[in-house]
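K.L.:
Structure provided below as structure tokens; questions to follow.
Nothing in this text is a laboratory measurement; each read-out follows from the coordinates by a stated rule. Predicted model only: the values in this text are computed from it and were never measured. FYI the Cβ positions are ideal-geometry reconstructions off the backbone, even for glycines, and counts take in every protein chain you see.
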Amino acid sequence: MDTFDFEELRTRREKSQITNMYFEILACKNQQLQRHYTGAELSLNLAERQKHAFNMVQIHYLTEVTVPSARKRVVESYDIGPNNDDLYPNIWPPENTLPGFQAFMENFFDIMNIFKDALLGLLEDHYEVSKGRFSALHNMAQNELRLLHYPDIKTELLKDTKKAVRFGQHTDFGTITILFQAPAGGLYFRSMNGNWNEILSSKTDAIITFGDTFERWTNGRVHAGVHCVQAPSQAQDQTGERYAIAYFGKANRNQSVGVLPEFANKLESPKYEDMTAEEYNQYRMLSLY
Ligand SMILES: O=C(O)CCC(=O)C(=O)O
Ligand SMILES: [Fe+2]
């Protein structure tokens, strides 16, 4: 079932808009994805309203959890993985609390997986590896879909990272991340020259960036995008609430995140050692504490 019109992506590929750090923001013209995005935002609002019935903040696998200091991390998030996952089963709110939420999220997860595979296809062409090479390393679909909500907050608190942090600077652990944000501002990516650029996008723009696994596979040819969420540049005294959705493409857990043979430089030793994606995930999680 190919529900996408990928012509837009292909055209962009021909214009070489894949950089070594990110894809150009892709306007998501796909109707189905747009509908899902809007729906997810609605569900999120609903979940927010139902907070007392269902505690949305769920520590699933990965997750950045709490910051070990007096800093207040002002975000709540809800993560799901594949629905057949025995290692980290999804935790769903009761059906009568959020009717249709589970079915909706499972479908959204599958749709994002198709989108992710299309992007991997473009990357296979771009980096001249054999067709299906990258997607085969993801074929267990052990990806993650995360809904994020940042409550409104006094801007002066957000301007001082000792007081409050929405999402501190980090790279994602996986291969590629597809992000959607409601147009509230405050998402920043660090460019190669060290400047931070605020990404202003509409809610149907897909912001696509590389994660650490891709950097490792390509022996550093690709750079994981460093990003954070803080006060929007245009914030008044009070920074309004913000919604975002992140889809993290993840390698199969038993797949190595060491340098792929296609990217190994025969003259020097690889920059990144072999370990499985699951070991790498655990290692990165532990280093956050
Ligand atoms: O809220 C956002 O836009 C970014 C969230 C993020 O970077 C993450 O969940 O890894
Ligand atoms: Fe992130």
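K.L.:
Rule-of-thumb check for region 196-289: C-alpha Rg over 2.2 N^0.38 Å?
P.N.:
So the Cα radius of gyration is 1.39 times the expected 2.2 N^0.38 Å.
K.L.:
Report the FRET efficiency, 1/(1 + (r/R0)^6), for residue 197 and residue 87, where r is their Cβ-Cβ distance and R0 is 35 Å, rounded to 0.05.
P.N.:
0.40
K.L.:
For region 235-289, which trypsin sites (Lys or Arg not before Pro) are both in a DSSP coil and crowded by at most 11 other Cβ atoms within 10 Å?
P.N.:
Here the trypsin sites (Lys or Arg not before Pro) that fit, given the DSSP loop and packing criteria, are 266.
K.L.:
Please work out how much length the chain gains when fully extended from residue 238 to residue 159, using 0.36 nm per residue of separation minus the C-alpha to C-alpha distance, in nm with one decimal.
P.N.:
27.3 nm
K.L.:
Here's something else I'd like to know. Could you bin all the Cα-Cα distances of region 98-182 into 5 Å bins starting at 0 and give me the percent of pairs in each, rounded to whole numbers?
P.N.:
The percentages, shortest bin first, are 3, 10, 17, 17, 15, 13, 10, 9, 5, 2, 0.
K.L.:
As an exercise, identify the trypsin sites (Lys or Arg not before Pro) in region 127-215 lying in DSSP coil whose Cβ has no more than 13 other Cβ atoms within 10 Å.
P.N.:
Taking region 127-215 and a limit of 13 other Cβ atoms within 10 Å, the loop trypsin sites (Lys or Arg not before Pro) found are 131, 159, 162.
K.L.:
Something else about it: Using +1 on the beta carbon of Lys and Arg, -1 on that of Asp and Glu, and nothing else charged, what's the dipole of region 102-227 about the Cα centre, debye to 20?
P.N.:
Using Cβ point charges on Lys, Arg, Asp and Glu, region 102-227 gives about 380 debye.
K.L.:
Continuing with the same structure: Pairs 116/163; 131/271; 116/154: which exceed 31 Å Cα-Cα?
P.N.:
The answer is 116/163; 116/154.
K.L.:
Another question about this same structure. Give me D for region 106-259 in µm² s⁻¹, whole number, from Stokes-Einstein with Rh from the Kirkwood sum over alpha-carbon pairs, 10 °C and 1.306 mPa s.
P.N.:
For these conditions, the coefficient is 96 µm²/s.
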